[in-house]
Amino acid sequence: MTERKIDELVNCAAKARERAYTPYSHYSVGAAVLTKSGDVYTGCNIENASYGATCCAERVALFKAVSEGEQDIQMIAVIADGDKPVPPCGICRQVMIELAPQALVVMSNLEGKRERRTVQELLPSAFEKSSLK
Ligand code: THU
């Protein structure tokens, strides 16, 4: 993965973050996924008065990509405001294992601090497809 592609995807995630709907937590998150064909799908967190109905930015972006027929997701960028790059929540990690198991995840904060992990690193020993056999 080139540094240029990483920078571009993080910028897309930062733009998507501006559309976050966060009247409850006021914590805005943006995400972007890059597919093998070079297409980008973005997402932001979308909250709900019934808190459990909230959807994280990463899942919004992943569901958009998959619902458009994408099957090969190479990279996921996620960005939020904090001292450290934002780590994806457990539910998003589980969805990543299912829909983007080979992806590189780039976590960022607004100051430009970044961390990179594979999805496998973020969720070792996962319950996945093969567990059901
Ligand atoms: N959030 C995300 O969008 N992604 C994460 O990985 C962590 C949490 C959102 C959900 C909620 O809208 C807000 O951040 C506070 O938890």
Next item on the list: For segment 72-83, name all the residues that are outside any strand (DSSP E or B) and either modelled with pLDDT under 95 or touching a Phe, Trp or Tyr at 6+ places or on another chain (Cβ under 8 Å) (or both).
Entry: Asp81
Checklist line | Odd one out for Glu68, checked against (1) touching a Phe, Trp or Tyr at 6+ places or on another chain (Cβ under 8 Å); (2) within 14 Å of the ligand (Cβ to nearest atom) | finding: (2)
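Would you pick out the residues in segment 40-71 that are loosely packed, with under 12 Cβ neighbours inside 10 Å and in contact (Cβ under 8 Å) with a residue 24 or more places away in the chain? I'd like the intermediate steps shown before the answer.
Narrowing segment 40-71 to residues loosely packed, with under 12 Cβ neighbours inside 10 Å: 49-53, 67-69, 71.
Result: Ala49, Tyr51, Glu68.
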Checklist line | Index of the failed condition, His26 passing every other in (1) near the ligand (Cβ under 10 Å from one of its atoms); (2) within 18 Å of Leu104 (Cα to Cα); (3) surrounded by fewer than 17 Cβ atoms within 10 Å (Cβ to Cβ) | finding: (2)
Check: If you go through segment 89-97 one residue at a time, do you hit one that is aliphatic (A, V, I, L, M), more than 20 Å from Lys15 (Cα to Cα) and in a loop (DSSP other than H, G, I, E, B)?
Finding: no
Next item on the list: Please find, among Leu123, Leu99, the residue that is free of Cβ contacts under 8 Å to residues at least 60 places away in the same chain and either within 13 Å of the ligand (Cβ to nearest atom) or on the phi > 0 side of the Ramachandran plot (or both).
Entry: Leu123
Checklist line | Failed item in (1) within 13 Å of the ligand (Cβ to nearest atom); (2) under 20 Å from Leu99 (Cβ atoms); (3) among the basic types (Lys, Arg), with Arg19 passing the rest | finding: (2)
Next item on the list: Restricting attention to segment 22-39, report how many residues are β-branched (Val, Ile, Thr), over 17 Å from Gln102 (Cβ atoms) and not in a loop (DSSP other than H, G, I, E, B).
Entry: 1
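The values are calculated or read from the model by the stated rules, or taken from the named source; none is laboratory data. The structure presented is a predicted model; accordingly, all values stated were derived computationally and were not measured. Glycine also receives a Cβ, built like all others from the backbone with ideal geometry; neighbour counts cover every protein chain displayed.
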